[in-house]
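Novice: One structure follows; several queries about it will come next.
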Amino acid sequence: MTAFADNTNNQLTSDVSISHDDINNTADISYQFDFARFSEHLVDVSLSFTATANTPQLWLPAWIPGSYLMREFARNITAVHYRVTDSQIKEGDDFSETYRAQKVDKHTWQLPTITAGQRVVVEYEVYCYDLSVRTAYVDQQRLYGNFTSLALAVDGQEQIPVQVSLIVPESFLLDKEESHVILACGLASTHLRVDGQSEDKRHCYQLRADNYHELIDYPFEIAAQNKFDFIIHDSQHQTLHHSFYLSGKHSANMGRLQQDVTQICQTYLDWLGDAPFHDYTFMTFASGQGLRRT
């Protein structure tokens with residue numbers, strides 16, 4: 001195996017090709033976001049978890065960290081369906097049937113046929129075509145999202161570690177220089193190429209978060225991007241690593257941009273003294289309407 005670690009954001013890239021069925025989710029709660037229908041601005045989501053109570057409920061935030069105006073993210077989610085995983089189905093059981101979740105309110109669904117201890121798979125799709133830093137946007141050029149718009153939470157299990165798989169079809173890379181297509185995200189990640197037929201080849205980006213609340217604090221973007229890293233120092237001479245990603249159409253002088261951003265961040269930290277973080281990730285999108293920063 002040939003692999004290298006990008007220590008700037010703990011992203012590991014591997015040349016090993018694996019089967020899609022070999023992607024194992026070891027966390028108690030796992031999400032898979034499939035971008036195969038990116039041209040339709042749709043994301044197919046699969047959520048897997050073990051129920052800890054009868055009739056578990058799922059919910060989506062109506063807010064996003066850093067912007068606490070009440071919003072209606074759940075309006076972009078279509079019908080939610082669920083089933084018990086095949087490994088738990090015995091001959092004669094009726095659990096193999098797929099059920100439609102019952103919507104309790106604007107952003108809450110319940111699974112009335114599920115009992116505690118059952119492993120459940122929930123499937124739904126999300127429409128993503130809002131060019132905003134607060135929601136999600138998917139098209140032929142970029143796959144951008146906040147998990148507050150994409151990931152249903154399991155009520156009562158928000159503190160459980162989660163694993164995320166972002167599945168990108170080979171067709172998304174056809175008109176791009178593959179080496180320039182990277183994942184921007186503050187969470188640690190790995191990148192795997194997934195084997196299959198020519199039309200089924202995919203790239204899998206895997207993320208991990210300590211809990212749901214940490215997950216929704218980190219947006220992500222997969223696109224052709226420029227990136228640079230830099231380090232600044234606090235008053236105790238501790239180093240703080242920073243990463244800067246720039247996507248969209250631009251003609252920026254990246255060397256000058258790195259110099260200026262480094263100086264701005266160091267000046268701010270000199271004034272602040274200490275920072276409440278150990279690393280920081282800038283995500284910037286250059287659009288026709290100006291710069292959008294996350």
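The values are calculated or read from the model by the stated rules, or taken from the named source; none is laboratory data. Just so we're clear, the structure is a prediction, and the values are computed from it rather than from any experiment. Neighbour counts are summed over all protein chains in view; Cβ atoms, including those assigned to glycine, are modelled from backbone coordinates with ideal geometry. Side chains included, ligands, DNA and RNA excluded: accessible areas come from the protein's heavy atoms. Shrake-Rupley method; radii C 1.70, N 1.55, O 1.52, S 1.80 Å.
Novice: Which one is surrounded by the most Cβ atoms within 10 Å (Cβ to Cβ), of the residues in the range 214-248 that are within 29 Å of the chain's Cα centre (by Cα) and hydroxyl-bearing (Ser, Thr, Tyr)? Explain how you work it out, then say what you get.
Specialist: The first filter runs over the range 214-248 and keeps only residues within 29 Å of the chain's Cα centre (by Cα), leaving 214-232, 239-248.
Filter once more, keeping what is hydroxyl-bearing (Ser, Thr, Tyr): 218, 239, 243, 245, 247.
Details: Tyr218: 18, Thr239: 10, Ser243: 20, Tyr245: 21, Ser247: 25.
Among those residues, the one meeting the criterion is Ser247.
Novice: Are any residues in the range 36-86 without any contact (Cβ under 8 Å) to a residue 40 or more places away in the chain and of a type in the set (Gly, Ala, Ser), and if so, which ones?
Specialist: Correct list: Gly66, Ala74.
Here's the yes/no breakdown for (1) part of a loop (DSSP other than H, G, I, E, B); (2) open to solvent by 20 Å² or more (accessible area, probe 1.4 Å); (3) farther than 23 Å from Gly248 by Cβ:
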| residue | (1), (2), (3) |
| --- | --- |
| Thr115 | yes, yes, yes |
| Val126 | no, no, no |
| Val133 | yes, yes, no |
| Val164 | no, no, yes |
| Ser171 | no, yes, no |
| Asp175 | yes, yes, no |
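Novice: Take the residues of the range 76-101 that are exposed (fewer than 14 other Cβ atoms within 10 Å of the Cβ) and either hydroxyl-bearing (Ser, Thr, Tyr) or modelled with pLDDT of 95 or more (or both): which is nearest to the chain's Cα centre (by Cα)?
Specialist: Within the range 76-101, the match that is nearest to the chain's Cα centre (by Cα) is Thr78.
Novice: Still on this structure, I have one more. Within the range 249-286, work out how many residues are surrounded by 14 or more Cβ atoms within 10 Å (Cβ to Cβ) and in contact (Cβ under 8 Å) with a residue 40 or more places away in the chain.
Specialist: Count: 9.
Novice: Checking Leu47 against (1) modelled with pLDDT of 95 or more; (2) loosely packed, with under 14 Cβ neighbours inside 10 Å, which test does it fail?
Specialist: With respect to (1) modelled with pLDDT of 95 or more; (2) loosely packed, with under 14 Cβ neighbours inside 10 Å, Leu47 is out only on (2).
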